[in-house]
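Shown next, in structure tokens, is the structure this report addresses.
The values are calculated or read from the model by the stated rules, or taken from the named source; none is laboratory data. Quick caveat, the model's predicted, so the values are computed rather than measured. Ideal geometry is used to build each Cβ from the backbone, glycine not excepted, and the neighbour counts take in all protein chains shown. Just the protein is used for accessible areas: all its heavy atoms, side chains included, with ligands, DNA and RNA removed. Shrake-Rupley method; radii C 1.70, N 1.55, O 1.52, S 1.80 Å.
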Amino acid sequence: MTTKKILPMFAAAVALPLVFAQGCGDDGMQTSDTADTNDTASGEEECDSEIEGTIESDTTWTCGHTLSGVVTVKNGAKLTVNPGVTIKGLNGSALVVSKGSQLIAEGTKEQPIVFTSALAEGSRARGDWGGIVLLGDAKNNLQTGSGIAEGLDAGNPDYAYGGSDDAYSCGSLKWVRVEYVGFELTKDNELNGVTFYSCGTGTTVDYLQVHMGKDDGIEMFGGAWSGKHIVVSGAQDDSVDCDQGYTGSLQHVAIIQDPAAGNYGFELSNQADNLDAEPRTKPKFVNVTAIGTAAGGEIETQSAGLRLKEGVGAEFYNAVFAYFHGPAVELTEGATETVATGGGIVFKNSLFFGNSAVDDGATPYVVGEGSTFDLKGFIEGATNNNLIDSDPLFESVDFTAPNFAPADGSPVRGAGAAPAGFDAADYIGAVGSVEADWTLDWTTYAAN
């Protein structure tokens, strides 16, 4: 790894004993006096270094740094980021973790880890920097079983992903925010907030927010990792995008679109070249709140709840789809209809309200051109226990200050039932009550 200020970041091979700071604020200052990070003679870390190039040995960041260009963790190195640390990205930067390496970013509610724009607060915007790319060795359904991450150098093996290890770990993200992302690496090819390429079940994701992304919030290309407590706010494209055989699950997911921008809350695909490719994309989502733009008339956004395409499977339990400009659910291609009729697509104990604002609720469900598939009957069938046109009574759906908790008297309370293997939840939506609102105190909804 190289820096423009001073070279040493912490490597496992350093023999001298090190005492690390607990973290740094936005200005790069230490929040603990337990380490002198300017003492580079003893191999210690200098805060606010500008990082570029590659990281090829185990490294720990105990205080703030700035990414310049595509910074790649490779050759089996593990990059650890300490609680409370803020990492900033310059225009054109991104953090890429190659197959065989890991990112360990484990903050706390009181000291979340923040990956954000290098611009000053108040002047930040989508696309200021790239985002985080994690490349793993789990299965996908590409014909060769491997691929190269979108937008990165197609000839560079550091950007390859895919294999046969479904237990593979891309690392750990806990109490992490990723903000103002989506720099366009190549024409019409922006990075997502966090992209998971073939990350396996050994990957840990718990309390992750992606805010104000120019492309998708999070996207999964294959893999089988599962996560909890995820917030995606202000994604310009899709909030959650899954394809190439992703088979993991997410529980406690809160999505809210910017009133001025946003495509699908969820876009789920199998594989464009082979709609029946295996492993088939078939994620499970439990306790979801997906809030659209709440806008009618003509706006420059798709703003739809969920798109199912290319023969995908999916299961939704305890989910809310509300206030989308377009349809709540869109299902296309005969292969996807076949999966649905075979039981591979499920909507149970969920709520649909205030969608299809563009035409006053006339088309909340959309199928492919010429299709006779009864999507309305499929979703609203009595055995699904779904609530239709029932106001969830959230405390606030204001994009600048959302409150995902249901108010007293909300129909979501007591109406849910999480399937086996998930946290018990008798409510519909991401949050069960004001008292149990896990989204508070570590997230942000600042426009810039």
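Over the chain, give the accessible area per residue in Å² for a 1.4 Å probe, as an integer. With all protein chains present, the chain gives 36 Å² per residue. With K and R counted +1 and D and E -1, the other residues having a Cβ less than 11 Å from that of PHE353 yield a net charge of -2.
In units of the compact-protein estimate 2.2 N^0.38 Å, segment 334-448 shows a Cα radius of gyration of 1.26.
Near GLU150: Cβ cut-off under 10 Å, other residues only, Lys/Arg at +1 and Asp/Glu at -1. The net charge is -3. A simple count of charges around VAL367, restricted to other residues whose Cβ falls under 12 Å of its Cβ and scoring Lys, Arg +1 and Asp, Glu -1, yields -2. Label positions at THR54 and ALA120, each projected 7 Å from the Cα along the C-beta direction, are separated by 3.8 nm.
Using only side-chain charges placed at the Cβ, +1 for Lys and Arg and -1 for Asp and Glu, the dipole size of segment 375-448 relative to its Cα centre rounds to 280 debye. Applying the criteria of a DSSP loop state and at most 12 other Cβ atoms within 10 Å to the GluC sites (Glu not before Pro) of segment 284-379 yields GLU298, GLU300, GLU369. Taking θ as phi - 60° and the Karplus parameters 6.51, -1.76 and 1.60, the scalar couplings of segment 400-406 work out to 7, 7, x, 9, 7, 6, x Hz in sequence order, x denoting glycine and proline. Where Rh is the Kirkwood radius over the Cα pairs of segment 196-235, the temperature 10 °C and the viscosity 1.306 mPa s, what D in µm²/s does Stokes-Einstein return? The estimated diffusion coefficient comes to 148 µm²/s. You can think of it this way: the chain between SER164 and ALA382 has 74.4 nm of extra reach, that is 0.36 nm per residue less the Cα-Cα gap. Residue by residue, segment 432-440 carries 3J(HN,Hα) couplings of x, 6, 4, 5, 10, 7, 6, 7, 7 Hz when phi is fed to the Karplus relation 6.51 cos²θ - 1.76 cosθ + 1.60 (θ = phi - 60°); x denotes Gly or Pro.
Name the shape class, rounded, prolate or oblate, that the alpha-carbon gyration tensor gives for segment 62-190, where a ≥ b ≥ c are the square roots of its eigenvalues, rounded holds for a/c under 1.5, and otherwise prolate holds if a/b is larger than b/c and oblate otherwise. Oblate shape, in that a/c is at least 1.5 and b/c is the bigger or equal ratio.
Once a ≥ b ≥ c are taken as the square roots of the eigenvalues of the Cα gyration tensor of segment 172-318, is the result rounded (a/c under 1.5), prolate (a/b larger than b/c) or oblate (a/b not larger than b/c)? Rounded, since a/c falls under 1.5.
Secondary structure note: in the chain, about 10% of the DSSP beta bridges are antiparallel.
Helical runs (DSSP H, four residues minimum) scored at -39500 (n - 2.57) apiece and divided by the length of the chain put the mean residue ellipticity at 222 nm at -1000 deg cm²/dmol. Past the 19 Å Cα-Cα mark, which pairs from LYS214/LYS284; LYS99/LYS309; LYS88/LYS228; LYS74/LYS228; LYS139/LYS282; LYS78/LYS174? Beyond 19 Å: LYS214/LYS284; LYS99/LYS309; LYS88/LYS228; LYS74/LYS228. Shown here is the pair-distance distribution of the chain: with all Cα-Cα distances grouped in 20 Å bins from zero up to the longest one, the shares run 27, 57, 16, 1 percent. Residues whose amide H lies under 5 Å from that of ASN141, counting only those 5 or more places away or on a different chain, are GLY245; hydrogens are built 1.01 Å from N in the peptide plane. For segment 317-329, the Karplus equation 6.51 cos²θ - 1.76 cosθ + 1.60, evaluated at θ = phi - 60°, returns couplings of 10, 6, 10, 10, 10, 9, 6, 8, 4, x, x, 6, 9 Hz by residue, with Gly and Pro reported as x.
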